[in-house]
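Bear in mind these aren't lab numbers, they're just calculated from the coordinates by the rules spelled out. A quick note: this is a predicted structure, and the numbers were derived from the prediction, not measured. Because the Cβ atoms are built from the backbone with ideal geometry, glycine has one as well, and the counts that use them run over all protein chains shown.
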Amino acid sequence: MRLTKERLLRLSDSYMAQRSRKDRSIVCAYLTGSILRDYPFINGTTDVDIIMIHSELQQAYREVTGIAEDATFDIYHYPRSYFANPRNLRTDPWIGSSLCFDPIVLFGKGHWYEFVLSSVEASFFLPENCMQRALVFNREAHKYYSKLQKLVNTQYEVTYAFNYMLCLENAVNSIACLSKRPLTMRHFLQDFIDCCNDIGNTGLVGEAIGLITENANLEQYYQYYTQYWNYYFDYFSNYVRADFFPEYGKFRLPYYQKAVEAYWETHLPSAVWIMLNTWTHIFSAMNMEQNEGYHSFLGMNGLTPQQGQKRMEDFDHFLEQVDDTIDNWGKSHGLEDGTTIYIE
């Protein structure tokens, strides 16, 4: 049977009904992420993100389980204490956004969700709180940029790519938080276009894409690079430490593979971004620094440490544009003080 959004919503209701009967510590559960889109699929695949809050949980954790061949439940478990301070939630770009961007409540006890939402949502979209969420990511971007500079011309390819990726991801998310919620991997560049349209600075999109790849010749090497990537993804998910990294477990392979397959033909930089993220995280978890196929993939996209000097110049310009955009956005929304970006 073909998966549809309506069927996924029914499966989510059924799953949550069963789980809440078995686990009495669950206080609330709600849907967020791509399932809230009108069409949540990429090449027939999707995941269903569930935030689950528990009364007797000591530490947050993540769980991924299969629904069908092309879909997973991606469940984030949080202790109720995490939601105790509304002021913190208003400036939390991930959990605060999951509450305030129209989630679908699957389960709740004693109007817990309504009480928390009412104390968070009223001030969540005030400019000063949007600014604070943007600055959370902006400071991280500058931190990773400082690390990245020290890795240029070294042999630490995976460490370099890891910091490169996190620098760009945080810089992009600092812009996203001015008008929307943080961006996720599979929709990263597509949603960034909408974010830049919202704030009237579409030039940032081209710069971000240029930092991922500018190599149109890459299109002809789909089989070559994806066979390397698929091999290590499959090996990691089945034989290595996937229990510690549920997002790269055996249920998730089609979720990434089919997105790369679709984007390779329609929007190559998005395919490169997904491969760069997953491949780098897997090799980092395996304590690998060099690999033939990975090295070639980085080189084709200008992402090796030896190509870093030119990239640092491009990155420096991009971060300056991001900083100026945030500062100008703050001033245009009446935040004359406290909008300067301080690099720690």
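If you rank Tyr256, Tyr221 by fewest surrounding Cβ atoms within 10 Å, what's the result?
Tyr221, Tyr256
Check cross-link reach from Lys143 to the lysines: straight Cα distance under 29 Å, and skip same-chain residues fewer than eight apart.
Of all the lysines, those that pass the test against Lys143 - Cα under 29 Å, at least 8 places apart if same chain - are Lys180, Lys310, Lys331.
Rounding to the nearest 20 debye, state how big the charge dipole of the chain is about its Cα centre with +1 on each Lys and Arg Cβ and -1 on each Asp and Glu Cβ.
Result for the chain is approximately 1220 debye, rounded to the nearest 20.
State the extension gain, in nm to one decimal, for the chain segment bounded by Glu265 and Glu336, taking 0.36 nm per residue of separation less the distance between their alpha-carbons.
Extra length available between Glu265 and Glu336 comes to 21.1 nm.
What area, in nm² and to one decimal, does the C-alpha convex hull of region 1-76 cast on average over all directions?
5.1
Give me the dipole magnitude in Debye, nearest 20, for region 5-70 about the Cα centre, with unit charges on the beta carbon: positive for Lys and Arg, negative for Asp and Glu.
The dipole of region 5-70 has a size of about 240 debye.
Just tell me which lysines come within less than 24 Å, Cα to Cα, of Lys109; anything on the same chain fewer than 8 places away is out.
Within the straight-line cut-off, Lys109 pairs with Lys22.
Neighbour counts of other C-beta atoms within 10 Å: give me Phe297, Phe41 arranged from fewest to most.
Phe41, Phe297
Lys250: which aspartates and glutamates have alpha carbons under 12 Å from its alpha carbon, excluding same-chain residues fewer than 8 sequence positions away?
Excluding near neighbours in sequence, the set is Glu69, Asp70, Asp234.
Can you tell me which of 257-263, 63-69 comes out highest on packing, and rank the rest after it, using the mean Cβ neighbours within 10 Å?
257-263, 63-69
About its Cα centre, how strong a charge dipole does region 5-124 have in debye, to the nearest 20, once Lys and Arg get +1 and Asp and Glu get -1 at the Cβ?
It works out to roughly 400 debye.
If I model a spin label at Leu36 and Tyr82 as a point 7 Å from the Cα along the Cα→Cβ vector, what separation in nanometres do I get?
Roughly 1.6 nm, to one decimal.
Which of Thr46, Phe73, Phe236 sits farthest toward the positive end of the charge dipole of the chain, with +1 on the Cβ of Lys and Arg and -1 on the Cβ of Asp and Glu?
Comparing the listed Cα positions along the dipole, Phe73 ranks first.
Normalising by the residue count of region 5-124, find the relative contact order in percent from Cα pairs under 8 Å and 6+ residues apart.
That works out to 27 percent.
For Leu106, what residues show an amide H to amide H distance below 5 Å, using hydrogens built from the backbone and excluding near sequence neighbours?
Ala29, Tyr30, Leu31
In the neighborhood of Ile212, defined by Cβ-to-Cβ distances under 15 Å, what is the net charge if each Lys or Arg adds +1 and each Asp or Glu adds -1?
Spelling it out: positives minus negatives among the neighbours equals -3.
Report, in whole Å, the centroid distance computed from the Cα atoms of region 276-290 and region 202-229.
18
Contact order normalised by length for the chain, with contacts defined as Cα pairs under 8 Å and 6 or more residues apart; what percent is it?
After rounding, I find 18 percent.
In which sequence would Tyr239, Tyr222 go, from the one with the fewest C-beta neighbours within 10 Å to the one with the most?
Listed from fewest to most nearby Cβ atoms, that is Tyr239, Tyr222.
Over region 185-344, what is the mean sequence separation of C-alpha contacts under 8 Å (at least six apart), divided by residue count, expressed as relative contact order in percent?
Reported relative contact order: 27 percent.
Fully extended, how many nm does the chain gain between Asp234 and His295 (0.36 nm per residue separation, minus their Cα-Cα distance)?
Additional length available on full extension: 20.1 nm.
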